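Bear in mind these aren't lab numbers, they're just calculated from the coordinates by the rules spelled out. As the structure is a prediction and not an experimental result, all values here were calculated from the model. Neighbour counts run over all protein chains shown; Cβ positions are idealised from the backbone, glycine included.
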Amino acid sequence: MNAISHHAALIYVMVVVSASDGNMSEGELRTIGHLVRTLPAFRRFDEHRLLAVSQECASILQERDGLDAVLGLIKEALPEELRDTAYWLALEVALADTRVMVEEIRILELLRRSLEIDRLTAAALERAAEARYRGA
């Protein structure tokens, strides 16, 4: 399987979380688009390629052992300094619907392990993401 860019890897992370419950919601799709358009991690990424990259990921996920393949591509493409960013992006997408489904929790744990995010860092990122989406 061909290597992907770090931009594609970050998008794959978001697609995997969004697709994990079998439904890529409108809120999740809007969140993904907003993050790609606004975050420094996506600087120099042509946002017009977002749909194509998302479809590439979805296509791989449909294959036998597709999730393992996608996780491998993500890990290979992400430099150490972007791994916590990837986990944070996953949390943002999972919380976009204001409720996190069991399937999303499972994917988040798989991502955490695959990206070698320690539990303390993961807990801090999770707490910050929850605080961001908490209503009054």
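Going toward the positive end of the dipole of the chain, with +1 on Lys and Arg Cβ and -1 on Asp and Glu Cβ, which of T121, A3, V16 do you reach last?
After comparing all options, I get T121.
Two-decimal Rg/Rh of the chain from alpha-carbon positions, Kirkwood Rh?
Result: Rg/Rh = 0.93.
Extending each Cα 7 Å along its Cβ direction at E76 and E130, get the distance between those two points in nm, one decimal.
The modelled label-to-label distance comes out at 3.6 nm.
Please turn the phi angles of region 40-47 into ³J(HN,Hα) values with the Karplus equation 6.51 cos²θ - 1.76 cosθ + 1.60 (θ = phi - 60°), one per residue in order, whole Hz, x for glycine and proline.
x, 4, 9, 4, 6, 9, 7, 4
Taking the Cβ of Q62 as the center, what net charge do the other residues with Cβ under 14 Å away carry, scoring Lys and Arg +1 and Asp and Glu -1?
Cβ neighbours under 14 Å give a net charge of -3.
Quote the charge dipole size of region 1-94 about the Cα centre in Debye, to the nearest 20; the model charges only the Cβ of Lys and Arg (+1) and of Asp and Glu (-1).
So the dipole magnitude of region 1-94 works out to roughly 260 debye.
If you take every residue apart from R30 with its C-beta less than 13 Å away from the C-beta of R30, what net charge results, scoring Lys and Arg +1 and Asp and Glu -1?
-3
Take the Cβ-Cβ distance between M101 and A3 as r, set R0 to 25 Å, and report the resulting FRET efficiency rounded to the nearest 0.05.
Calculated value: 0.25.
Tally Lys and Arg at +1 and Asp and Glu at -1 over the other residues with C-beta under 12 Å from the C-beta of I117: what net charge comes out?
-1
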